[in-house]
1. Taking Ile239 as the residue in question, decide whether it is surrounded by fewer than 21 Cβ atoms within 10 Å (Cβ to Cβ), at pLDDT 85 or above and not in a loop (DSSP other than H, G, I, E, B).
2. Yes or no: Leu60 surrounded by fewer than 19 Cβ atoms within 10 Å (Cβ to Cβ) and within 28 Å of Leu30 (Cβ to Cβ)?
3. State all residues of the stretch 117-132 that are without any contact (Cβ under 8 Å) to a residue 12 or more places away in the chain and part of a helix (DSSP H, G or I); if no residue qualifies, say none.
4. Would you pick out the residues in the stretch 138-153 that are assigned to a helix (DSSP H, G or I), at pLDDT 90 or above and not charged (D, E, K, R)?
5. Ala88 - would you say it is under 25 Å from Arg131 (Cα atoms), free of Cβ contacts under 8 Å to residues at least 24 places away in the same chain and assigned to a helix (DSSP H, G or I)?
6. Does the stretch 73-94 include one or more residues that are farther than 20 Å from Ala165 by Cβ, at pLDDT below 85 and either out of contact with any Lys or Arg (no Cβ under 6 Å at 6 or more places or on another chain) or not assigned by TED's automatic domain parsing to the domain that holds Glu176 (or both)?
7. Is it the case that some residue within the stretch 287-304 is outside the structural domain of Glu176 (by TED's automatic domain parsing), assigned to a helix (DSSP H, G or I) and modelled with pLDDT of 65 or more?
Amino acid sequence: METKNTSNRRPDRRQQLLSAAYSVIAENGLDGATLKKIAGRAGLGAAAVNFYFNTKQDLLHQVIFDLSKEFEETVLQTSQTYANNPVAGLSAAFEVLLDTGSADSREKICTLCCYYTNQNNTPETQLLLDRSENLNYAMIAEFCKGILAMDDAGKRMNHEAIATALYSMIDGFWSEAYYHKSWSGPDAHRVLYQSFLGSVFPWAYDLPQHADENSAVDTAAICRIATKQDIDRVTDLLIETSTITQDRDTARLLVEHSVTQDEGELFVYVDDKTQVQGFVCVQSLTSLTLAQSLAVITDLHYPKSLGTVVAIKLLQAAQNYAKESGAAAIHKNVNLAEFELRELLHHLGMTTSKDESVMAKRF
């Protein structure tokens, strides 16, 4: 790869272009990240890109080179810092790799995902990606190996298998940061990886404390049935948290139907500033086969940055309504990953099964 000599040129403009490239790639993908868009985001003319980079490929390679170097330095520092403390080290590794709390770091995660999913990377780019992935896995595997050595039970366990599962979990978190625009930080997933560590390494980690049961029971003050005045805000939430419904007119029609329907209710979570921050739908159905009434809890939407307390209170409000309506059975068909749903239902003493997830999701 040929790079232009820019040692005597203003480095701030070159860095402006690279920073702008993170945002444009994260939003549009590699193919959609045109030089014109990158230059525009940087506040520079289109010709400015060619002043610092010969081609778009040169710019894209520099982006992944800088990102890989940044992650590599962070990973190596974490490995060295916690070389003699694998328990703290594995927790630190998750925090490092889940550092998507700020807009800047989230853009970098999304940019990396664009490269990882690209089928046409150059050999140089693919080499950087493979090296970064290998370093991440090696760090996790080494910490797992150290933790297993601390207890006799660890002698019967394979540290590479556990490391592979943990790395797959991180990969899933990265994918959610990439595909879900409402994602704004690692808090919503921290309890999940901490639960995993506490379950696999009980001698090294405690299971995370669940939300206080009393706070999860009293939902009257913060959960209520939606009214027509809530339609606009619920529509905004649906668009923000859904990867399926992005057209506002369509989303509004769905919300209007849920608010005005006679066969169920839409519950909203309202914070202390009277702002709607989440919603869940409860549909009342009659099973002709079983000759009994059913309640289906579906379409749970809330900003993940607020944590699971919103979801817990909405689910309980929905469950209470279903019970009071005389439903003989309650089905859960919410739009969450199975492991996330099970974690939420654990707080409420509710269960789920594969048979309860067969009905089509509307939102």
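1. Details: surrounded by fewer than 21 Cβ atoms within 10 Å (Cβ to Cβ): yes; at pLDDT 85 or above: no; not in a loop (DSSP other than H, G, I, E, B): yes.
Considered against the rule, which asks whether it is surrounded by fewer than 21 Cβ atoms within 10 Å (Cβ to Cβ), at pLDDT 85 or above and not in a loop (DSSP other than H, G, I, E, B), Ile239 comes out as no.
2. Numbers: surrounded by fewer than 19 Cβ atoms within 10 Å (Cβ to Cβ): no; within 28 Å of Leu30 (Cβ to Cβ): yes.
Judged against the criteria, Leu60 is not a match.
3. If we filter the stretch 117-132 for residues that are without any contact (Cβ under 8 Å) to a residue 12 or more places away in the chain, which is where we start, we get 117, 119-121, 123, 126-127, 130.
Those that are without any contact (Cβ under 8 Å) to a residue 12 or more places away in the chain and part of a helix (DSSP H, G or I): Pro123, Gln126, Leu127, Asp130.
4. Residues satisfying the conditions are Ala138, Met139, Ile140, Ala141, Phe143, Cys144, Gly146, Ile147, Leu148.
5. On the way: under 25 Å from Arg131 (Cα atoms): yes; free of Cβ contacts under 8 Å to residues at least 24 places away in the same chain: yes; assigned to a helix (DSSP H, G or I): yes.
Against the criterion (under 25 Å from Arg131 (Cα atoms), free of Cβ contacts under 8 Å to residues at least 24 places away in the same chain and assigned to a helix (DSSP H, G or I)), Ala88 qualifies.
6. no
7. Kept after step one, since they are outside the structural domain of Glu176 (by TED's automatic domain parsing), are these residues of the stretch 287-304: 287-304.
Filter again for assigned to a helix (DSSP H, G or I), leaving 304.
Remaining after also requiring modelled with pLDDT of 65 or more: 304.
Yes, because at least one residue in the stretch 287-304 is outside the structural domain of Glu176 (by TED's automatic domain parsing), assigned to a helix (DSSP H, G or I) and modelled with pLDDT of 65 or more.
A quick yes/no check of all residues on (1) among the acidic types (Asp, Glu); (2) surrounded by 19 or more Cβ atoms within 10 Å (Cβ to Cβ); (3) modelled with pLDDT of 55 or more:
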site	(1), (2), (3)
Tyr269	no, yes, yes
Lys273	no, no, yes
Ile312	no, yes, yes
Lys323	no, no, yes
Ala329	no, no, yes
Lys354	no, no, no
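The values are calculated or read from the model by the stated rules, or taken from the named source; none is laboratory data. Values in this document were obtained by computation on a predicted structure and should not be read as measured data. Heads up, the Cβs are rebuilt from the backbone with ideal geometry, glycines too, and the neighbour counts pull from every protein chain shown.
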